[in-house]
Amino acid sequence: MYRLRDLKDIIKIDINYVECPVKGCSKIVPRQRKTFKREKKFFCPEHRIYISPSTFEYETEKENLLWTDNKDEQRFNEIKTVKRESRISRDNSEDALTWNVFRFLDKLGLLSDFILQLLGKETNDSELILWSYSPNEKNTWDDLNKARLEFGETITRGSEPDIIIKTDKVLYFIEAKLNAGNKTKPRDIQNRKKYETGGNELFSKIFKFDYEKIVKEDRRYELMRFWLLGCWIAEKLNLEFEFYSLVKKTRETDIETEFGKHINQSDRRKFARITWEQIYDYIKTLENTEKQKLMIDYFENKTVGYTNGKLKKAFDF
Ligand SMILES: [Zn+2]
């Protein structure tokens with residue numbers, strides 16, 4: 001994995017060419033445009049990366065992951081049997097960040113402590129369900145599948161929260177963003193599936209406004225679906241539901257009020273914002289082990305590609 005210290009601060013880009021971002025490398029490749037292409041002509045054979053003016057992509061996913069021992073690899077491959085396609089081998093991938101951080105917490109048995117310290121609840125029996133894969137069930141989490149069907153989605157194309165943590169008291173959904181924002185709209189605005197009718201019209205109980213306003217006007221399609229499906233599953237399992245938007249410290253500082261205005265929260269269900277920087281601060285308080293140091297170094301030296309030829313740090317520490 002290439003980090004801040006390995007990469008050029010500035011890369012030369014002209015109309016036709018772009019240079020390899022790794023320090024000391026003089027390889028120049030044709031400039032690619034629009035959708036990222038993994039083609040031989042964009043590849044630096046020495047550094048094993050595909051290059052574009054704004055990012056680069058490793059030859060394999062493993063190179064972008066911190067945790068790759070046998071058990072990690074096994075879990076990662078299991079997840080990939082259910083996870084939607086993603087660009088996890090790209091420098092600016094939020095999925096790679098999610099895996100690197102949450103796999104660390106899970107691997108070290110820190111999920112309950114993380115919840116206590118950052119989300120403020122004492123819980124037990126945490127199961128980490130990344131991209132809908134349940135390690136306990138060795139499949140897509142069945143309760144999520146039931147929710148997908150209840151609200152008119154299909155299982156293979158249904159809503160896929162990045163991070164679910166199921167505990168004995170609370171069901172957590174955490175939607176992770178790095179560069180993208182939380183404003184999304186459906187491909188087909190007319191196809192409302194059963195969002196408004198499923199679960200005995202749960203929609204009308206947990207939202208303050210109608211579908212038009214939330215999805216069409218305010219473009220909260222993704223957040224709407226997770227709030228709806230999460231509330232439904234939690235109620236069925238007799239758990240509280242907490243939904244977190246995980247973002248950078250500088251991004252979407254008003255998301256709690258901006259999405260909060262659409263929903264009916266109670267002491268059994270809430271929506272809140274949490275930042276990657278808060279997780280970094282938490283990890284800093286942990287025992288100083290090899291893995292902890294690796295994690296801290298990753299946060300501090302993580303990059304997210306280039307803007308106008310200038311290297312971008314993921315976080316401003
Ligand atoms: Zn190179």
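Since every read-out is calculated from the coordinates, none of them should be taken as a lab result. Here the structure is a predicted model, which is why all the values come from computation and not from measurement. Here Cβ is always computed from backbone atoms with ideal geometry, including for glycine, and neighbour counts include all displayed protein chains.
Taking one quarter of the surface of the convex hull spanned by the alpha-carbon atoms of the chain gives a direction-averaged projected area of 16.9 nm².
For the chain, modelled as a GNM whose springs connect Cα atoms under 10 angstrom apart, the maximal fluctuation among I189, I155, I283 occurs at I189. A cysteine counts as unpartnered when no other cysteine's C-beta lies under 4.7 Å of its own; in the chain this applies to C231. By the count of neighbouring beta-carbon atoms within 10 Å, fewest first, Y211, Y172 end up ordered Y211, Y172.
Phi angles of the stretch 11-25 translate, via the Karplus equation with coefficients 6.51, -1.76, 1.60 and θ = phi - 60°, into HN-Hα couplings of 10, 7, 10, 10, 4, 10, 9, 9, 9, 4, x, 6, 3, x, 9 Hz per residue; Gly and Pro are given as x.
Here the Karplus curve 6.51 cos²θ - 1.76 cosθ + 1.60, taken at θ = phi - 60°, turns the phi angles of the stretch 236-248 into couplings of 5, 8, 6, 10, 6, 10, 10, 10, 10, 9, 9, 9, 6 Hz, with x standing for Gly and Pro.
Given the options K205, K293, K194, which has the most mean-square fluctuation in a GNM of the chain, springs set between C-alpha atoms less than 10 angstrom apart? The residue that fluctuates most here is K205. Expressed to the nearest 5 percent, the antiparallel share of DSSP beta bridges inside the stretch 66-281 is 45 percent. Ordered by the count of other Cβ atoms within 10 Å of each Cβ, fewest first, L228, L294, L108 give L294, L108, L228.
The length gained by stretching the chain between D69 and E46 to full extension, at 0.36 nm per residue less their Cα-Cα distance, is 5.8 nm. Here the label points at K293 and D210, each 7 Å from Cα along the C-beta direction, are separated by 6.1 nm in the simple model.
Taking the fewest neighbouring Cβ atoms within 10 Å as the starting point, the ordered list for E19, E39, E256 is E39, E256, E19. GNM on the chain, alpha-carbon springs under 10 angstrom: the most fluctuating residue among R90, R219, R187 is R187. About its Cα centre, the chain has a charge dipole of approximately 1300 debye under the convention of +1 per Lys or Arg Cβ and -1 per Asp or Glu Cβ, with nothing else charged.
The helix-only estimate of mean residue ellipticity at 222 nm for the chain, built from DSSP H runs of length n ≥ 4 each weighted as -39500 (n - 2.57), is -8500 deg cm²/dmol after division by the residue total. The aspartates and glutamates whose alpha-carbon is closer than 15 Å to the alpha-carbon of K177, local same-chain residues fewer than 8 away aside, are D91, E94, D95, E160, D162, E222, E252, D254, E256, E277.
Note on K166: aspartates and glutamates with a C-alpha under 17 Å away, same-chain residues under 8 apart excluded, are D106, D113, E122, D125, E127, E137, D142, D143, E175, E235, E240, E242.
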